[in-house]
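Read the structure below first, then the notes.
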Amino acid sequence: MKQTKIFYISEKTESEPLDEASKILSQGGTVAFPTETVYGLGANALDEKAVLKIFEAKGRPADNPLIVHVASRDDCRSLVREIPEKASILMDEFWPGPLTIIMERSEIVPDVTTGGLDTVAIRIPENKIAIELIKRSGIPLAAPSANLSGKPSPTSADHVIEDLSGKIDAVVDAGEVIIGLESTVIDLTSDIPAILRPGKIIKEELEEYIGEVRIAYDDKVHPESEIVRSPGMKYTHYSPQAGVILVEGEHSAVVRKIKELLADLNMRDARVGLMLTEESAPFFLGFNSFSIGPREKPEHAAKYLFFGLRNLDSKNVDTIIVDGSFNSAGIGMAVFNRVRKAADMIIKVR
Ligand code: AMP
Ligand code: MG
């Protein structure tokens, strides 16, 4: 067990703790830090030993590649064979920001960082602290979300401590993140660019700049059937301790279904936590619940999804029911993607 240092950052104290944190990184250590999406667990992307520490701390499968965070487009050049035209256009438009671009890697990027692939995932985060840390350490930082593998991603330094205290060298605490969901990942090495993970930046936005983009992630949802996935077929992704039931569909039908589920779970003495839209909350007064905001504001659900899963988990509930009546437009699509992966059961209602 290590002693995990915590560096608190405020407007005044910015410089010194950041210098210390970057020193740990440049010497091959692991430091968690905020980005605009979620907290990342950083280490020198070009140092095999340092990167292995990330996998070890998170308990992450070795074939799951990491995103490399850089501070400028210049930093990016040495990591790839070439910057394709479409990548260059996307960088102009969306960097710094929550878009990760996959390109062919150069020889300096080690296998551990890319999970043995010939490609590397890169982005410039839009967060002053993150950029400063990369600049001061003088290295590209491999940084997956700073949670235990399989758990909800961390949106505050407290979440990082919860999962990784004693397993990493330090955490830079600069408050809550802004977006709350991980970056959009786009692969530019196939003929038609492919979105591997949805995020705040959506397909249509990307298509405006580079033409056709295809969706290459799987939500494991089959709209024909009511119960899409059964308990036991659990993904280990974004998952709290409690079982998660997602109820998707039109608002009043979702409310009705949640009432039914509550009655049923109540008979079995289950402790239940609810993640509710603002519109649904009045129907469930007195229940243990967490608000994911108005149905028409999926950016609020994005910011509080992981937070809410952790919050309800800390209340030791057995089951979390998520109200899936919020709008799936824009970042809403990415919220559904994460919560579907977290869910043990998805119920579609009409
Ligand atoms: P996270 O651990 O949350 O930062 O997730 C990183 C995501 O980027 C994972 O979904 C990875 O599978 C994906 N990723 C990173 N590098 C590559 C790559 N070279 N090819 C395909 N996917 C990648
Ligand atoms: Mg992750």
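None of the figures in this text is laboratory data; all of them are computed from the coordinates on show. The structure presented is a predicted model; accordingly, all values stated were derived computationally and were not measured. Cβ atoms come from the backbone with ideal geometry, glycine included; neighbour counts cover every protein chain shown.
Values for this structure:
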item	result
Debye intensity ratio I(q)/I(0), log10, the chain, q values 0.07, 0.10, 0.12 Å⁻¹ (C-alpha model)	-0.30, -0.60, -0.86
Label-point gap, in nm, between Ile192 and Asp318 - each point 7 angstrom along Cα→Cβ	4.6 nm
Projected label distance in nm at Leu148 and Phe283, using a 7 Å step from Cα toward the beta-carbon	3.4 nm
Choice from Ala216, Ala50, Ala302 showing the highest fluctuation, given a GNM over the chain with Cα pairs closer than 10 Å	Ala216
At 1.306 mPa s and 10 °C, Stokes diffusion of the range 74-209 via Kirkwood alpha-carbon radius, µm² per second	98 µm²/s
Span-rule helices in the chain, defined as complete DSSP H runs reaching 24 Å or more along the axis (Cα) with Kyte mean at least -1.0	251-267
Cα pair distances in the range 1-141, grouped into 10 Å bins until the bin that holds the longest one, percent each	12, 43, 35, 9, 1
Chain lengthening between Gln241 and Ser10 when straightened (0.36 nm per residue, less Cα-Cα)	79.9 nm
In nm, spacing of pseudo-spin labels at Lys2 and Asp63 (7 Å Cα→C-beta vector)	2.8 nm
Cα centroid separation, the range 19-91 to the range 107-165 (Å)	5 Å
Estimated FRET transfer efficiency (Glu93, Arg268; beta-carbon r; R0 56 Å; 0.05)	0.60
Amide H within-cut-off set for Thr119, under 5 Å, with H built and near neighbours excluded	Arg105
Cα-based Kirkwood hydrodynamic radius, the range 1-83, one decimal, Å	14.4 Å
Percent RCO, i.e. relative contact order, over the chain, from Cα pairs under 8 Å lying at least 6 residues apart	19 percent
The range 276-339 - Rg and Dmax from Cα coordinates, angstrom	11.3, 32
Among Ala146, Ala301, Ala242, residue whose mean-square fluctuation peaks in a GNM of the chain (springs only between Cα atoms under 10 Å)	Ala242
The chain: most fluctuating residue of Ala71, Ala57, Ala253 per GNM, C-alpha cutoff 10 Å	Ala253
